[in-house]
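First the structure, in the form of C-alpha cells, and then the observations on it.
The values are calculated or read from the model by the stated rules, or taken from the named source; none is laboratory data. Just so it is clear, the model here is predicted, and its values are computed rather than measured. Cβ atoms come from the backbone with ideal geometry, glycine included; neighbour counts cover every protein chain shown.
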Amino acid sequence: MFTSDLRESREARVCISEVSPWTLKRVIEYAYSGRIAITDENAQELLAAGSLFEYPDIVGACCEFLRRQLDHNNCLGIERFAQVHSCKELQTDAHKYTLENFSMVVKSDEFLELSPERLLIYISSDLIDVRKEEIVYDAVIRWVRYDLDDRSRHLTSLLQQVRLPIVELSYLREIEADPLIYNQPDCLDLIREAQVQHESVSNQQGKRRRSMQNNNVHPRPSTVAKEALVVVGGLNNYITRSVEMYDLQKDRWTNLPDIPQPISQYSVAMLTNALIVSGGICDGHIVDTVWRFDALKLEWKNMQPMLRPRARHASTSINDYVVVFAKILSVTLSACLSLSFFLSFFSFVLSFSSFFTFFLFCFFFPFVHSFFLFFVFSSVLYFFFFLSFFPFFSFLCFFLSFILSFFLFLFFSFLFVLTKS
C-alpha cells in the first residue's frame, strides 16, 4: 500500500476505515516483535488486516487457526470469508468440511443465510454426506420456509437437484400433501413423477436398486449402507457424554451428538439405523431411562422407560426388539451396599478388639518374641481394617478378622490358664 504506486503512498494522511484501532495496533506490534496473539474473537479481523497490509505470515497463521476451529456451526461462514479474502486452501478445507458434515450443517443458523446459488452447489454434489435423501429435501424446505415470500420462487430449481426417486415412497406421498408443494404445479409434477418411477415392492433395498437402474438415477455414495464403529460415552477422569464414530472407508473419527445425560454403567444395543442406550447410573442413582439415537437424523430421542431401573446390565436386539438382561437393580444394589458397610464396620470392631487383646497379652507376658509378634499381628489387623472400607473386600476382611480374633482369644485364654496353674 505504501511502497507501491498506489494513491496512499503519495498522501501525507491516510484514513484506514477497514481495520479497527485495536487490530491495527496488533499489526504494528507484530511488525516490530514478530509475534501476535490469535483468538476466536480476532482471527477473522486479523486475517483481513494481514491481507490488506500484505502480511502473508499473519494471513497463514489466521487461516491455520480458523482451520482448527471448523465445526458445523461456522464452516459455511468461514468458507465465505476465505473466498472474499482469496484464501484458497482455507476455502477448500471449509467446503470439504461442509460436504462431509452436511447432515449437521443443515441444522445450523448459517445454513439459513445461504444464497440460492451456494445452496444449489451443495445439494447437487455427489459428495455431501447424508444417510438418506430425505435429509436433503428437508434441508431445502427448511431453507425456503425461512423466507417463504422471497425464496418460494427457487423451490422448483432446488427440488430438481434433490434425487426424489430415491426418497421413500411413503414420504413422497406426505410431500405431495404439503401445501407448499401442492400449490406449485411444477413442484407437484416433480413429486408425482418420482412416485411413478418407484416400483412397489416390499423390500426397501431391492426397490431402490430397481428404480435407480430403470430410471438412471444414481444415489449419493453416502446413502449406500456402510459399516461404522460407534463409541458411546465412557470415563475420561470423569463421565463423558461424547459419542464418536469411526468411518472404515474414510479411516477417520468424527463426533456425533452427545448423550443427553451424563450416565455410566449403561448398556447399548443396535437396531436398524439406531442405537438404544438403556439404564445406567446418573447422579448416583440407578435410572430406567432409555435413549434412542437416530443414525439417519443424527439426533437423540427419549423413549419409553424400562419397567424397573437397571445398571451394569446387558442388552441386545432380536427382530427389532430390544431384550434387556438384568444385572444390578436399584433394590439389590442398595441392599448390597448396606450389607457391605455393615461388614466393614464389624470388621473394624473385630480388628481393633484383636489388636487390644494381643496388646494386653504382650503387656502381661513380655518374653523375647512378644514385640515381634505384636508388630506382625498389628500390621495384619491394620491391613484388614483399611481394606474393610472397600466394599469389594468387606466380606473377606470380615471373615479373616473373625478367624484371627477367635484364635487370638483362644491363645490368650490358654496362656492365662497356664499362668494360673
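The sole residue among ASP149, ASP129 that is out of contact with any Gly (no Cβ under 6 Å at 6 or more places or on another chain) and in contact (Cβ under 8 Å) with a residue 60 or more places away in the chain is ASP129.
Within segment 146-155, identify whether any single residue is assigned to a loop (DSSP other than H, G, I, E, B) and either among the polar types (S, T, N, Q) or touching a strand residue (DSSP E or B) at 6+ places or on another chain (Cβ under 7 Å) (or both), and answer yes or no. Among the residues of segment 146-155, not one is assigned to a loop (DSSP other than H, G, I, E, B) and either among the polar types (S, T, N, Q) or touching a strand residue (DSSP E or B) at 6+ places or on another chain (Cβ under 7 Å) (or both), which makes the answer no.
Look at SER222 and say whether it is small (Gly, Ala, Ser), in a helix (DSSP H, G or I) and at pLDDT below 50.
Details: small (Gly, Ala, Ser): yes; in a helix (DSSP H, G or I): yes; at pLDDT below 50: no.
No.
Between GLU11, GLU54, GLU41, the distinction of being surrounded by 11 or more Cβ atoms within 10 Å (Cβ to Cβ) and either among the acidic types (Asp, Glu) or modelled with pLDDT under 90 (or both) belongs to GLU54 only.
Just so you know, in segment 81-96 the residues that are over 26 Å from the mean Cα position of the chain (by Cα) and among the aliphatic types (A, V, I, L, M) include one that is surrounded by the fewest Cβ atoms within 10 Å (Cβ to Cβ), and it is VAL84. Restricting attention to segment 214-253, and to residues there that are in contact with a Gly (Cβ under 8 Å, 6 or more places away or on another chain) and more than 21 Å from LYS107 (Cβ to Cβ), which single residue is surrounded by the fewest Cβ atoms within 10 Å (Cβ to Cβ)? Per the criteria, the residue is THR240.
The set of residues from segment 272-287 being surrounded by fewer than 16 Cβ atoms within 10 Å (Cβ to Cβ) and at pLDDT 85 or above comprises ASP283, HIS285. Inside segment 163-197, can you point out the residues that are of a type in the set (S, T, N, Q) and in a helix (DSSP H, G or I)? Listed by number, the residues that qualify are SER170, GLN195, GLN197. Filter segment 254-271 down to residues that are assigned to a loop (DSSP other than H, G, I, E, B) and not hydrophobic (A, V, I, L, M, F, W, C) and give me whichever is surrounded by the most Cβ atoms within 10 Å (Cβ to Cβ). Residue satisfying both the conditions and the ranking: TYR266. Just so you know, in segment 96-142 the residues that are of a type in the set (Lys, Arg) and assigned to a helix (DSSP H, G or I) include one that is nearest to TYR182 (Cα to Cα), and it is ARG142. When LEU90 is tested against (1) closer than 30 Å to ILE191 by Cβ; (2) part of a helix (DSSP H, G or I); (3) in contact with a helix residue (DSSP H, G or I) (Cβ under 7 Å, 6 or more places away or on another chain), exactly one condition is not met: (1). Among the residues of segment 81-102, those identified as of a type outside the set (Phe, Trp, Tyr), touching a residue at least 24 places away in the same chain (Cβ under 8 Å) and within 13 Å of LEU127 (Cβ to Cβ) are THR98, LEU99, GLU100, ASN101. Among the residues making up segment 231-253, those that are over 10 Å from the mean Cα position of the chain (by Cα) and assigned to a strand (DSSP E or B) are GLY234, LEU235, ILE239, TYR246, ASP247, ARG252, TRP253.
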